[in-house]
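Colleague: First the structure, then my questions, so here it is.
The values are calculated or read from the model by the stated rules, or taken from the named source; none is laboratory data. Since we're looking at a predicted model, the values are computed, not measured. Because the Cβ atoms are built from the backbone with ideal geometry, glycine has one as well, and the counts that use them run over all protein chains shown. These area figures cover heavy atoms from the full protein model, side chains too; ligands, DNA and RNA do not enter into them. Shrake-Rupley method; radii C 1.70, N 1.55, O 1.52, S 1.80 Å.
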Amino acid sequence: MSDLRDKPWIFRTYAGHSSAAASNALYRGNLSKGQTGLSIAFDLPTQTGYDSDDPVAKGEVGKVGVPVSHLGDMRSLFDGIPLDKMNTSMTINAPAAWLLALYIAVADEQGAPRKSLTGTTQNDIIKEYLARGTYIFPPKPALRLTTDTIAFTTAEMPKWNPINLCSYHLQEAGADPVEEAAFAIAAAISVLDAAKARRAIPEAEFPKAVGRISFFVNSGTRFITEICKLRAMAKIWDEVARDRYGVADPKLRLFRYGVQVNSLGLTEQQPENNVYRILFGMLGVTLSKNARARAVQLPAWNEALGLPRPWDQQWSLRLQQIGAFETDMLEYGDIFDGSKVIEARVDTLAGQIRDEIARIDEMGGAAAQEALEYMKERLVRSNASRIEAIESGEEVRVGVNAYTEAEPSPLTGGNGHFLSVDAGAEKEQIARLESWREARDAKAAQRALKELERAATQGENVMPLSIACAKAGVTTGEWAGALRRIFGEYRAPTGIASRAPQRNDERIGQLREEVEAASARLGRKLTFLIAKPGLDGHSNGAEQIAIRARDAGMEVAYNGIRFTPEEIVVAARQARPHVIGLSILSGSHVALAHEVIAKLKAAGLGDVKVVAGGIIPPEDEAALKSVGVSAIFSPKDYDINAIMRGLIALASPDA
């Protein structure tokens with residue numbers, strides 16, 4: 001046993017909602033309970049570069065995170081929290097340079113030296129194209145913004161991690177361990193190669209930039225495999241830093257990572273079982289000393305139901321604290337060193353990961369269009385295989401496809417088992433934004449924006465001028481709007497092939513016969529339009545529904561994420577669907593469904609059946625049905641074939 005107990009990892013909880021003031025109260029409450037770092041969840045308008053009063057933000061403000069539209073919001077968010085003593089992780093990607101600029105502006109106001117700031121900006125845009133969907137700009141200018149932040153922090157914020165290569169969302173999108181590790185490391189290589197090509201960082205300082213590259217991984221219940229995956233990633237990252245970038249100092253080659261334990265495996269059915277799933281996931285990133293996480297954040301037991309309450313987050317925090325302080329895992333060296341089983345599994349994974357990285361390299365790197373399409377199709381296929389294994393019972397999910405008989409849970413009685421965002425939060429946020437614009441020096445804000453545009457056009461580092469914009473009162477939407485005009489926007493690949501492959505699955509064959517019969521009754525092929533209104537970028541469920549509908553023989557129209565209600569009406573006119581499926585996971589399902597259906601009726605398409613899918617609480621189902629939604633599907637509806645049969649029934653002439 002070691003004479004000295006290892007220092008615990010940083011305890012974090014991913015949090016933020018409603019407003020900066022409400023989120024600040026939540027953070028300070030969590031810190032008082034022993035949390036040792038912050039993990040900021042921003043709302044979707046902030047993540048996609050819109051102000052809270054932008055028309056596309058309607059219904060989304062404060063739902064999945066905190067709205068931050070300007071420096072005043074960032075001040076409120078960290079009121080009473082000294083930034084020179086706080087380790088802050090910000091889950092922000094496309095506008096990462098802007099949110100970091102706001103953070104620095106607040107730190108400057110607090111008198112916190114920039115060299116003292118510790119924390120992370122996620123800033124992993126390649127993963128956004130593949131799995132999470134909060135991208136704005138095309139790959140080349142997006143990578144340019146990423147390298148700007150790396151160059152700036154390397155020079156001025158040496159303790160800051162400017163990027164967090166995020167394999168977490170890859171696993172959430174269905175990636176197996178090899179895909180998760182390879183795609184994340186390939187993304188890191190693309191970022192560093194871009195920085196090197198731009199000469200954004202002095203050659204002598206480049207090893208330090210490599211040393212600040214961090215990762216953010218996922219860990220599920222198969223914790224032995226997770227341990228092996230992380231040991232393999234550490235081995236390969238050491239090789240990449242040494243052999244590709246010439247980093248001589250072993251400390252600068254360390255694989256440094258944080259983790260959010262898996263949310264994909266959390267179930268709506270018997271949600272109390274999720275506590276154990278979270279525990280096993282945590283073991284995968286804490287048991288092996290040589291592959292232990294630097295920071296851990298755990299989901300709450302009820303995340304498949306809705307937004308966790310402070311009590312739910314406390315329960316997850318207590319799990320970390322018990323693991324760190326009551327068990328003896330921090331008292332020993334690495335208990336897996338010398339294990340032949342572990343070593344063999346690590347070697348196998350490492351070889352497969354290297355092969356996958358080489359394949360992506362041959363396509364021009366992870367940011368190349370060919371590679372993005374390849375990786376996206378791989379993720380969609382892997383997720384389809386995972387879902388089919390659960391449907392068939394090959395992969396057991398306790399409480400879902402096995403051991404489904406259960407006593408009523410006292411944890412889920414009534415309607416108070418998750419947090420609901422105050423319906424007035426959006427209106428109040430917009431009022432604060434309007435007051436901010438009225439009070440600022442508008443001319444100074446415009447001058448700062450013009451300087452930003454000049455720097456972006458001329459290839460200068462945008463960070464200093466973004467900080468100047470923050471201090472001049474520029475808003476999130478204005479900053480992103482200026483860069484949208486220069487860089488343009490982008491739509492990522494969907495990973496959905498237009499033609500269904502030949503399949504010998506008997507269940508799919510039966511579905512095809514039912515679709516053919518329904519199509520004969522309808523007089524043309526049963527047509528299904530899948531649409532994602534609003535700013536929600538989590539497309540995994542929509543993709544799997546699209547694949548199964550296609551494989552079942554339906555005519556499927558699915559063009560990806562972030563369509564306005566008006567654009568959905570246009571798509572409906574073109575596709576002439578019998579059923580429209582709205583996929584919404586941001587909590588804004590009632591408002592968005594109401595708007596889409598109203599516009600369909602106004603366009604003379606009121607006879608088209610509309611269904612909704614997402615994390616939809618039972619108490620919202622009545623509201624959705626009252627506005628015209630014909631059927632509702634949530635995570636408990638894991639049998640996609642059953643969903644397909646529901647669509648066939650709805651499309652039938654006598655439905």
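Colleague: Given the condition closer than 27 Å to ASP334 by Cβ, open to solvent by 50 Å² or more (accessible area, probe 1.4 Å) and at pLDDT 95 or above, answer yes or no: does some residue in region 211-219 qualify?
Modeller: Checked against the condition, which is being closer than 27 Å to ASP334 by Cβ, open to solvent by 50 Å² or more (accessible area, probe 1.4 Å) and at pLDDT 95 or above, region 211-219 yields at least one hit.
Colleague: Condition (residue is of a type in the set (A, V, I, L, M), part of a helix (DSSP H, G or I) and touching a helix residue (DSSP H, G or I) at 6+ places or on another chain (Cβ under 8 Å)) applied to region 426-443: is it met by at least one residue?
Modeller: no
Colleague: Please pick out the residue among GLU205, GLU268 that is of a type in the set (Asp, Glu), under 21 Å from the mean Cα position of the chain (by Cα) and open to solvent by 30 Å² or more (accessible area, probe 1.4 Å).
Modeller: Every option except GLU268 fails the conditions.
Colleague: Filter region 152-170 down to the residues that are of a type in the set (Gly, Ala, Ser) and either out of contact with any helix residue (DSSP H, G or I) (no Cβ under 9 Å at 6 or more places or on another chain) or under 18 Å from MET463 (Cα atoms) (or both) and list them by number.
Modeller: Hit for region 152-170 is ALA155, nothing else.
Colleague: Among the strands (runs of 3 or more DSSP E) confined wholly to region 567-648, which include 3 or more residues that are more than 14 Å from ALA549 (Cβ to Cβ) and charged (D, E, K, R)? Working first, answer last.
Modeller: Details: elements: 579-583, 609-613, 631-633.
In region 567-648, there are no strands (runs of 3 or more DSSP E) which contain 3 or more residues that are more than 14 Å from ALA549 (Cβ to Cβ) and charged (D, E, K, R).
Colleague: Could you tell me which of the residues ALA105, ALA94, ALA112 is open to solvent by less than 40 Å² (accessible area, probe 1.4 Å) and in contact with a Lys or Arg (Cβ under 6 Å, 6 or more places away or on another chain)?
Modeller: Going through ALA105, ALA94, ALA112 in turn, just one is open to solvent by less than 40 Å² (accessible area, probe 1.4 Å) and in contact with a Lys or Arg (Cβ under 6 Å, 6 or more places away or on another chain): ALA105.
Colleague: Identify, by number, the condition in (1) more than 26 Å from PRO45 (Cα to Cα); (2) at pLDDT below 90; (3) not hydroxyl-bearing (Ser, Thr, Tyr) that VAL590 doesn't meet.
Modeller: Here VAL590 meets the rest and fails (1).
Colleague: Going by the conditions given, is ALA472 out of contact with any Lys or Arg (no Cβ under 6 Å at 6 or more places or on another chain), under 24 Å from TYR103 (Cβ atoms) and open to solvent by less than 50 Å² (accessible area, probe 1.4 Å)?
Modeller: Answer is yes for this residue.
Colleague: Determine if region 397-408 includes at least one residue that is open to solvent by 50 Å² or more (accessible area, probe 1.4 Å), in a helix (DSSP H, G or I) and more than 26 Å from ILE150 (Cα to Cα). Break it down stepwise before answering.
Modeller: Looking only at region 397-408, we keep the residues that are open to solvent by 50 Å² or more (accessible area, probe 1.4 Å), and these are 397-398, 403-408.
Okay, now just the ones that are also in a helix (DSSP H, G or I), so none.
No, every residue in region 397-408 fails to be open to solvent by 50 Å² or more (accessible area, probe 1.4 Å), in a helix (DSSP H, G or I) and more than 26 Å from ILE150 (Cα to Cα).
Colleague: Checking LEU465 against (1) more than 26 Å from the chain's Cα centre (by Cα); (2) open to solvent by less than 50 Å² (accessible area, probe 1.4 Å); (3) in contact (Cβ under 8 Å) with a residue 60 or more places away in the chain, which single condition isn't satisfied?
Modeller: LEU465 satisfies every listed condition except (3).
Colleague: Here is a follow-up. Scan region 317-327 and tell me whether some residue there is open to solvent by 10 Å² or more (accessible area, probe 1.4 Å), hydroxyl-bearing (Ser, Thr, Tyr) and in a helix (DSSP H, G or I).
Modeller: No: zero hits.
Colleague: Residue by residue through region 1-42, note down the ones that are more than 15 Å from VAL66 (Cβ to Cβ) and of a type in the set (Phe, Trp, Tyr).
Modeller: Listed by number, the residues that qualify are TRP9, PHE11.
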